[in-house]
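The values are calculated or read from the model by the stated rules, or taken from the named source; none is laboratory data. What you see is a predicted model, and the numbers here were worked out from it, not measured in a lab. No Cβ is skipped: glycine too gets one built from the backbone with ideal geometry, and neighbour counts run over all protein chains shown. Only protein heavy atoms, including side chains, enter the accessible area calculation; ligands, DNA and RNA are left aside. Shrake-Rupley method; radii C 1.70, N 1.55, O 1.52, S 1.80 Å.
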Amino acid sequence: MKFFADTADTDAIKELAEAGLIDGVTTNPSLIHKAGRDFLEVTKEICALVDGPVSAEVVAADHAEMLREAEVLRRIADNVCIKVPLTIEGLKTCRALTGEGTMVNVTLCFSANQALLAAKAGATFVSPFLGRHDDNGFDGLDLIRDIRLIYDNYGFATEILAASIRHGIHVLECARIGADVMTAPPAVIMGLAKHVLTDKGIEAFTADWAATGQAIIAPVAHDPSAGSG
Ligand code: E4P
């Protein structure tokens, strides 16, 4: 399963990329607002930090205007993926853009039927919002399961990008179900490394190592004849 970072925070993206943990990035207007940066400028910076797709969302409601916005966004870098909402206007835009070879992420998907439409419109990615689905009394994982089943039934190439991920269990279950990608906030991705037994193990090994009195790197002997500067 590919990991995307769901953020416009370039420091966090750098750290995750350095550890080889991310394959792409997703942003949305709320995340751009949170970052407090110019949209085009921060998107360009993010595109240079990762090789994979960087989702940048259009904000217009109608197809013609979405296309005009997408034109500006896709000029930023080759790895920009245009994010459009799951509306008929968004699907028309998806169709037009993917037809020209531009990656498209159809976002705000809350039903398997909507995901079916995104696949028919040729979406590169569809983003079912797991956490927000849960928040509203539905089972977000059932949604991912249904979409996986339907896409596999018909061999759709659209990738399932599980979004609105809130915690490690979401990540684990998405991997079990076979989501192609998951996008999560940096803190959730970093949190996957945490385990109480790992911490306890490090603590015990550190104490035992200190008791051996050894050092892997020999301490540099002080040479009193060497000047201070
Ligand atoms: C996906 O592309 C969205 O940016 C994101 O996952 C939304 O998550 P939220 O529900 O935590 O805002």
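I need the shape label for segment 1-91. Rule: rounded when a/c is under 1.5, else prolate if a/b > b/c, else oblate, with a, b, c from the alpha carbon gyration tensor.
Prolate shape, in that a/c is at least 1.5 and a/b is the bigger ratio.
Run the accessible area of segment 106-157 with a 1.4 Å probe and give the carbon-and-sulfur part as a rounded percent.
52 percent
Ranking request for peptides 63-69, 104-110, 145-151: highest mean number of other beta-carbon atoms within 10 Å first, then the rest in descending order. Provide the component values of the computation, followed by the final result.
Working: 63-69: 16.1, 104-110: 25.3, 145-151: 18.6.
Answer by packing, highest mean first, reads 104-110, 145-151, 63-69.
Given points 7 Å out from each Cα along the Cα-Cβ axis, report the ASN79 to GLU65 separation in nanometres with one decimal.
3.1 nm
Once fully extended, how much extra length lies between ASP180 and ARG132, figured as 0.36 nm per residue of separation less the alpha-carbon to alpha-carbon distance?
15.3 nm
For the chain, compute Rg over Rh where Rg is the Cα radius of gyration and Rh is the Kirkwood radius from the inverse mean 1/r over Cα pairs.
Dividing the radius of gyration by the Kirkwood radius yields 1.15.
Among 120-132, 16-28, how do they line up by average Cβ neighbours within 10 Å per residue, starting with the highest?
120-132, 16-28
Per residue, how much accessible surface does the chain expose to a 1.4 Å probe? Answer in Å², no decimals.
Working: 12410 Å² over 229 residues.
It amounts to 54 Å² per residue over the chain.
Measuring from centroid to centroid over Cα atoms, what is the spacing of segment 160-229 and segment 74-91 in Å?
35 Å
Using each residue's phi in segment 10-25, evaluate 6.51 cos²θ - 1.76 cosθ + 1.60 at θ = phi - 60° and report the 3J(HN,Hα) Karplus result to the nearest Hz, with x for Gly and Pro.
Rounded to whole hertz, the list is 5, 5, 5, 5, 4, 4, 5, 5, 4, 7, x, 9, 10, 10, x, 9.
My understanding is that a pair violates if its Cα-Cα distance is over 19 Å; which of LYS92/LYS120; LYS14/LYS44; LYS83/LYS120; LYS14/LYS34 do that in this structure?
none
Go through segment 63-71 residue by residue and turn each phi into a ³J(HN,Hα) via Karplus (6.51, -1.76, 1.60, θ = phi - 60°); whole Hz please, and just put x for glycine and proline.
Each residue of segment 63-71 in turn: 3, 4, 5, 4, 5, 5, 5, 4, 4 Hz.
For helix 196-212, what angle does its Cα long axis make with the longest principal axis of the chain, in degrees from 0 to 90 and rounded to 10?
The answer is roughly 20 degrees.
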